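The values are calculated or read from the model by the stated rules, or taken from the named source; none is laboratory data. If you're wondering where the values come from, they're calculated on a predicted model, not measured in any experiment. Positions of Cβ are backbone-derived with ideal geometry, glycine not excepted, and every protein chain shown enters the neighbour counts.
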Amino acid sequence: MAALRMDVIKRAIPQEKGGGRPNVIRNRADYAEIVCDIVLGRRSMVQIARRIGVSYCTIQRFKDAFCTPDVARVVMAEAQRAESEEVDEKINAAQDDIQKGLREVIKEQKDLYREIKNRLGDGRDVEDLAPALSQLLRDQGSRSSGC
């Protein structure tokens, strides 16, 4: 599963201004995750406040100071990138499954052709093999339609 690149998001978050008391949330190690929660709406601000042990007003001030429109754009772009990578991974896995199935069908057909060649080499007629071939083709058809 693709994850958000927190280093990119941390670089987008503005530095603190002024010489006053440092922001409690900005000094946390997981402040970028908190910004993502706010911007993406993964958790409500009340839930975030409870989780990190601060008041709702502190979260609101943090949002006003650090969740700028530029930061929101970076977070949204990262979320979209992560989602598209996740979709790509699922598509690639499905393509691998299809390719594996095709290889098995090709191997089975090669085995069949080899068997036909061996039996014809024994002096048997193609007509003798027709029932077996038709049964094999029916089996392959029912297997592929059952997916």
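Could you please find all residues in the range 82-102 being loosely packed, with under 11 Cβ neighbours inside 10 Å and polar (S, T, N, Q)?
Selection gives ASN92, GLN95, GLN99.
When you look at ARG26, is it outside any helix (DSSP H, G or I), surrounded by 15 or more Cβ atoms within 10 Å (Cβ to Cβ), under 22 Å from the mean Cα position of the chain (by Cα) and basic (Lys, Arg), yes or no?
no
Hey, GLU115 hits all of (1) without any contact (Cβ under 8 Å) to a residue 12 or more places away in the chain; (2) loosely packed, with under 14 Cβ neighbours inside 10 Å but one; which does it fall short on?
Going through (1) without any contact (Cβ under 8 Å) to a residue 12 or more places away in the chain; (2) loosely packed, with under 14 Cβ neighbours inside 10 Å one by one, GLU115 breaks only (2).
Which pairs have Cβ atoms under 8 Å, sit 6 or more apart or on different chains, and link a residue in the range 1-22 that is in a helix (DSSP H, G or I) to one that is β-branched (Val, Ile, Thr)?
These pairs meet every condition: VAL8/VAL74; ILE9/VAL35; ILE9/VAL71; ILE9/VAL74; ILE9/VAL75; ALA12/VAL71; ALA12/VAL74; ALA12/VAL75.
From (1) in a helix (DSSP H, G or I); (2) modelled with pLDDT of 90 or more; (3) of a type in the set (A, V, I, L, M, F, W, C), pick out the condition that doesn't hold for VAL54.
So the condition that VAL54 fails would be (1).
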